Amino acid sequence: MQQYMEKDKLLVETAALAGEIMLVSGAEIYRAETTIQHILALDKRKHGGNVVLSTGIYLSLDDPEGDTITVVRRVSDRATNLNRVYEVNNVSRRLCGGEISLEEAYRDLLQIKKTIIYRPFIRNLGYLGVCLFFAVLFGGSPVDWLAAGLVGVVLALVMAFAKKIRFNDFCTEVIAAFFIGMTALGLKAWFLPDLHRDTVIVSAIMPLVPGVIFTTAIRDTLNGDYSAGAARMLEAIVTALAVAAGVGASMGLFQAMMGGAFPW
């Protein structure tokens with residue numbers, strides 16, 4: 001009996017860990033629920049159920065002859081990492097297909113959770129690259145490309161600083177958008193008068209735009225997960241408002257600093 005209880009506990013913990021990693025990494029609600037259900041279904045003698053929301057996971061394994069095992073996981077930090085979603089799906093398929101044991105699956109999931117895919121240097125380089133290449137995509141001049149790259153460097157520094165002092169997402173996005181606007185306007189006013197400030201600012205805020213969150217919200221809604229879809233839609237709206245507020249505040253402050261004159 002003790003051996004069965006330990007195996008059931010490991011099964012529930014494995015399912016919860018898989019769902020948690022997927023939810024944190026930006027997977028759709030139905031995908032996380034399906035993965036958890038497939039893992040719980042490995043025990044044919046018992047009935048497993050789960051409910052996944054955008055902020056948490058609730059799952060249980062019912063034993064007609066014994067106690068019910070219930071696990072609740074709170075999920076607060078979320079990001080987009082589709083590679084982790086793929087890896088968790090791969091582990092789940094191998095486990096359900098009998099290619100690996102439950103212990104191996106749990107160990108693999110722990111490794112996936114701990115793995116850092118992009119080092120800080122690569123992530124910061126990504127900010128620079130996204131800003132620069134969106135300036136190219138939007139038809140900017142070489143001067144705009146240079147300015148967008150410089151603003152990308154500022155964005156990377158701000159994001160690293162905000163992460164270090166643990167700002168929440170809203171404050172981080174407002175501050176990042178504010179410094180994007182101030183840097184772009186300062187470059188045009190004092191160093192690069194020929195640059196197009198709109199192109200530079202729009203290019204630089206692209207790393208902050210909640211496009212993937214908005215798309216996931218639509219998919220959750222279409223799949224019938226209305227609470228999760230509404231929550232993610234609200235998250236996308238709040239992010240967009242934070243970016244708009246930050247850029248707007250920078251433009252207002254810069255205009256006041258210039259005595260009412262604005263570097264159009």
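Cβ contacts < 6 Å: first residue outside any helix (DSSP H, G or I), restricted to the stretch 20-31; second residue surrounded by 20 or more Cβ atoms within 10 Å (Cβ to Cβ), any location; separation 6+ or different chain. Result?
Taking only residues 6 or more apart or on different chains, the pairs are Ser25/Arg84; Ser25/Val85; Ala27/Val85; Glu28/Thr216; Glu28/Asp220.
List the residue pairs whose Cβ atoms are under 9 Å apart, where the first residue sits in the stretch 67-81 and is of a type outside the set (A, V, I, L, M, F, W, C), the second is exposed (fewer than 12 other Cβ atoms within 10 Å of the Cβ), and the two are 6 or more positions apart or on different chains.
Asn81/Ile117
Out of the residues in the stretch 66-102 that are part of a helix (DSSP H, G or I) and out of contact with any helix residue (DSSP H, G or I) (no Cβ under 7 Å at 6 or more places or on another chain), which is farthest from Pro210 (Cα to Cα)?
Per the stated criteria, the residue is Arg94.
Limited to the stretch 49-70, what total is found for residues that are farther than 24 Å from Gly229 by Cβ and open to solvent by less than 10 Å² (accessible area, probe 1.4 Å)?
Number satisfying all stated conditions: 1.
In this structure, is Met257 closer than 24 Å to Gly140 by Cβ and open to solvent by 50 Å² or more (accessible area, probe 1.4 Å)? Give the derivation first.
Working: closer than 24 Å to Gly140 by Cβ: no; open to solvent by 50 Å² or more (accessible area, probe 1.4 Å): yes.
No: the conditions fail for Met257.
Just the residues that are of a type outside the set (Val, Ile, Thr) and within 16 Å of Ala240 (Cβ to Cβ), please, taken from the stretch 169-195.
Answer for the stretch 169-195, where residues must be of a type outside the set (Val, Ile, Thr) and within 16 Å of Ala240 (Cβ to Cβ): Asp169, Phe170, Cys171, Glu173, Ala176, Ala177, Phe178, Gly181.
Identify the residue in the stretch 31-48 that is charged (D, E, K, R) and open to solvent by less than 60 Å² (accessible area, probe 1.4 Å) and, among all such residues, is farthest from Gly98 (Cα to Cα).
Glu33
Can you tell me which residue among Ile165, Ile213 is at negative phi and in contact with a Lys or Arg (Cβ under 9 Å, 6 or more places away or on another chain)? Walk me through how you get there before you give the answer.
On the way: Ile165 fails: in contact with a Lys or Arg (Cβ under 9 Å, 6 or more places away or on another chain).
Sole residue among the options that is at negative phi and in contact with a Lys or Arg (Cβ under 9 Å, 6 or more places away or on another chain): Ile213.
One residue is enough: does the stretch 225-247 have a residue meeting the conditions assigned to a helix (DSSP H, G or I), touching a helix residue (DSSP H, G or I) at 6+ places or on another chain (Cβ under 9 Å), aromatic (Phe, Trp, Tyr) and open to solvent by 50 Å² or more (accessible area, probe 1.4 Å)?
Within the stretch 225-247, one or more residues are assigned to a helix (DSSP H, G or I), touching a helix residue (DSSP H, G or I) at 6+ places or on another chain (Cβ under 9 Å), aromatic (Phe, Trp, Tyr) and open to solvent by 50 Å² or more (accessible area, probe 1.4 Å).
Filter the stretch 72-103 down to the residues that are open to solvent by 60 Å² or more (accessible area, probe 1.4 Å) and either in contact with a Phe, Trp or Tyr (Cβ under 6 Å, 6 or more places away or on another chain) or of a type in the set (Lys, Arg) (or both), then identify the one that is nearest to Thr55 (Cα to Cα).
The extreme case among them is Arg74.
Restricting attention to the stretch 18-30, does a residue exist that is closer than 22 Å to Gly97 by Cβ, in contact with a Cys (Cβ under 6 Å, 6 or more places away or on another chain), of a type outside the set (Val, Ile, Thr) and open to solvent by 50 Å² or more (accessible area, probe 1.4 Å)?
No, that holds for no residue.
The values are calculated or read from the model by the stated rules, or taken from the named source; none is laboratory data. Just so it is clear, the model here is predicted, and its values are computed rather than measured. A quick note on method: Cβ atoms are made from the backbone with ideal geometry, for glycine too, and the neighbour counts reach across all protein chains shown. In case anyone asks, the SASA skips ligands and DNA or RNA and just uses the protein heavy atoms, side chains included. Shrake-Rupley method; radii C 1.70, N 1.55, O 1.52, S 1.80 Å.
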